[in-house]
Amino acid sequence: MAKINIRPLDDRIVVQPASAEETTAGGIVLPDSAQEKPQRGTVVAVGPGKLLDSGSRGELTVAIGDVVIYGRYGGSEIEVDGQELKILRESDILAKVV
Amino acid sequence: MAKINIRPLDDRIVVQPASAEETTAGGIVLPDSAQEKPQRGTVVAVGPGKLLDSGSRGELTVAIGDVVIYGRYGGSEIEVDGQELKILRESDILAKVV
Amino acid sequence: MAKINIRPLDDRIVVQPASAEETTAGGIVLPDSAQEKPQRGTVVAVGPGKLLDSGSRGELTVAIGDVVIYGRYGGSEIEVDGQELKILRESDILAKVV
Amino acid sequence: MAKINIRPLDDRIVVQPASAEETTAGGIVLPDSAQEKPQRGTVVAVGPGKLLDSGSRGELTVAIGDVVIYGRYGGSEIEVDGQELKILRESDILAKVV
Amino acid sequence: MAKINIRPLDDRIVVQPASAEETTAGGIVLPDSAQEKPQRGTVVAVGPGKLLDSGSRGELTVAIGDVVIYGRYGGSEIEVDGQELKILRESDILAKVV
Amino acid sequence: MAKINIRPLDDRIVVQPASAEETTAGGIVLPDSAQEKPQRGTVVAVGPGKLLDSGSRGELTVAIGDVVIYGRYGGSEIEVDGQELKILRESDILAKVV
Amino acid sequence: MAKINIRPLDDRIVVQPASAEETTAGGIVLPDSAQEKPQRGTVVAVGPGKLLDSGSRGELTVAIGDVVIYGRYGGSEIEVDGQELKILRESDILAKVV
């Protein structure tokens, strides 16, 4: 798992996309050619949670280390220390692999 | 019914689409060629419910094992252990078959 | 009136569209060629009502057996036991025939 | 004024559009060729009012018999007993003629 | 100023557009050819104010007789007793001339 | 600074756009040819503030005499006593020059 | 770091975009040719925070001097004393570099 030096804001989450080999090993096959399919990856950083109207922040339901499935077209791609990562909002995460 | 190792977030639901034969047997005919028609399937995983403004989560009205009818164009398709499944939000579920 | 084995979610309503003959008999003429005109039908199933912010559900103002007028383009068509039905939200219902 | 056997839902209102002669007599000229101009008509049925968040219904500010001016492109046209009527929401009504 | 027999609903306002001569006299030049420019006119009727969530109505900040500047493309044009008037919502009024 | 006889409504603000010379003198260069760049100007009139749900009005954070930077495409242009002015909402103001 | 004489409104933030060399040194490579990638920069001015419904202002989670990553297409570009800066809302900031 990548160790990164960025902290997302709000309910944003930084995900390291799974490589094709890892994905197959985990039993969930998401071939890179199937561009419309959701993507699998590992959470490497999480934000403080969404600021609620009450002034407190909503607790995130994913944590660093979780393997998640997310829509391929949500979020933004960034490159940190040569790694391609993705910054998404929690609402772009579809499910956790357990 | 498929046993799967993913947990949807929020009010999302994982559905295993009915095959053409099952659909006919249940009396509800949804031919695959009728692409604009809603689809029938079985709920195989449910999320914790939508986070409400009060901080609690809304109770889902569908449960694992329910047979549901849902819009064909909502949600995302994923493939788990060789099965084609669909992740939808509860609001994409039109009705339960009882 | 059709007896059906599906239960709509939320404030959804299942309507059996009136055939051309019934429509004429009731005095409200909605010719099938006038595609832009609202449609008349009979309510055959209703959902539990819309979930309100308070946690309770809003009471529906239509009931099984009501004859209703609804926009032709709202909702989804489904086929149950050989009958073509329509699933609509209550807000797509324009009026009741009394 | 038409007597009709339909009851609109929510804050919907059924209006009988004024014929060209009536319109001229009332001093408000809305020629049929001026398609972009609002239309004048008489209210023949009103709904129970909009359901508010509090659970009560908002009181309508128009009543059966009122002559109203409304946008030509809002609402839906229906035909009851051979009469062409219009179902609108109260918010589509611009003004009352007094 | 026109005396008219219509009462706008909600926060709507009826304005009598200024003729080209009046506009010039007031020092604010809004040539008719400059179609993208706001328009100047006199308020001839006002509604009861917008219905608030609390059930009361918001007080309007313009009154009959006020000279106002409004966006040319907002609202609807109506013709009453041979006069071309405009029905706008209060939010379409940009400023009062004082 | 222009003295004008109009009072904006709500949270609207009237700005006198800076001429090309003034802009350069202040160190902020916003050439007229760079049409996509924000514009600099001086506030010449302010509204009473936005009406809040509580019934009171939000205090504006700009005052008459402030030099502000605003998006070129927001608001409406008006001509008062031969001067070209702009009416904007406070939310269209990006920053104050201090 | 640039010292600038402008104060953003609301939850706006002024960022000095990193030059290509700085970006490489920090380990986060965001080549200018990759136009769809987020951009890195240093916060040089912050607004008072977003006005909440309660009347108070939300505390910003970024401060002057923070290095931030932001979407390339958000915000507006301004030129102050010959420097190209960007005015963004806090919600356009994806992450802080720590």
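Tabulated results
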{"item": "Tally, over the range C:66-84, of residues that are within 18 Å of residue C:4 (Cβ to Cβ) and either of a type in the set (Ser, Thr, Tyr) or touching an Asp or Glu at 6+ places or on another chain (Cβ under 7 Å) (or both)", "result": "5"}
{"item": "Failed item, numbered, when residue E:3 is tested on (1) in contact with a strand residue (DSSP E or B) (Cβ under 8 Å, 6 or more places away or on another chain); (2) modelled with pLDDT of 55 or more; (3) away from chain D (no Cβ under 14 Å)", "result": "(3)"}
{"item": "Residues of the range B:44-64 classified as of a type in the set (A, V, I, L, M, F, W, C) and within 14 Å of chain A (Cβ to nearest Cβ), total", "result": "5"}
{"item": "Top-ranked residue in the range B:47-64 [being aliphatic (A, V, I, L, M) and either surrounded by fewer than 16 Cβ atoms within 10 Å (Cβ to Cβ) or not in a loop (DSSP other than H, G, I, E, B) (or both); ranked as farthest from the chain's Cα centre (by Cα)]", "result": "B:52"}
{"item": "Matching residues, the range D:68-87, being farther than 21 Å from residue E:50 by Cα and in a strand (DSSP E or B)", "result": "D:76, D:77, D:78, D:79, D:80, D:83, D:84, D:85, D:86, D:87"}
{"item": "Count of the range D:65-98 residues which are surrounded by fewer than 18 Cβ atoms within 10 Å (Cβ to Cβ) and either facing another protein chain (nearest Cβ under 7 Å) or in contact (Cβ under 8 Å) with a residue 60 or more places away in the chain (or both)", "result": "10"}
{"item": "Matching residues in the range A:44-58 - criterion: being without any contact (Cβ under 8 Å) to a residue 24 or more places away in the chain and touching a strand residue (DSSP E or B) at 6+ places or on another chain (Cβ under 9 Å)", "result": "A:57"}
{"item": "Subset of the range E:37-46 (residues that are in contact with a helix residue (DSSP H, G or I) (Cβ under 7 Å, 6 or more places away or on another chain) and surrounded by fewer than 20 Cβ atoms within 10 Å (Cβ to Cβ))", "result": "none"}
{"item": "Of all residues in the range D:88-98 being touching a Leu at 6+ places or on another chain (Cβ under 8 Å) and outside any helix (DSSP H, G or I), the one that is nearest to residue D:7 (Cα to Cα)", "result": "D:93"}
{"item": "Subset of the range C:32-43 that is free of Cβ contacts under 8 Å to residues at least 40 places away in the same chain and in a loop (DSSP other than H, G, I, E, B) - its residue that is nearest to residue D:50 (Cα to Cα)", "result": "C:37"}
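Residue by residue, here is whether (1) closer than 17 Å to residue E:38 by Cβ; (2) in contact with a Lys or Arg (Cβ under 7 Å, 6 or more places away or on another chain); (3) modelled with pLDDT of 85 or more holds:
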| site | (1), (2), (3) |
| --- | --- |
| E:59 | no, no, yes |
| E:62 | yes, yes, yes |
| E:82 | no, no, no |
| E:91 | yes, no, yes |
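Yes/no per residue for (1) at pLDDT 55 or above; (2) within 17 Å of residue C:6 (Cβ to Cβ); (3) within 12 Å of chain A (Cβ to nearest Cβ):
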| site | (1), (2), (3) |
| --- | --- |
| B:7 | yes, no, yes |
| B:20 | no, no, no |
| B:24 | no, yes, no |
| B:29 | no, yes, no |
| B:35 | no, no, no |
| B:42 | yes, yes, no |
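The values are calculated or read from the model by the stated rules, or taken from the named source; none is laboratory data. This structure is a prediction, so every number in the text was calculated from the model and none was measured. Cβ: placed from backbone, ideal geometry, glycine included. Neighbour counts: every protein chain shown.
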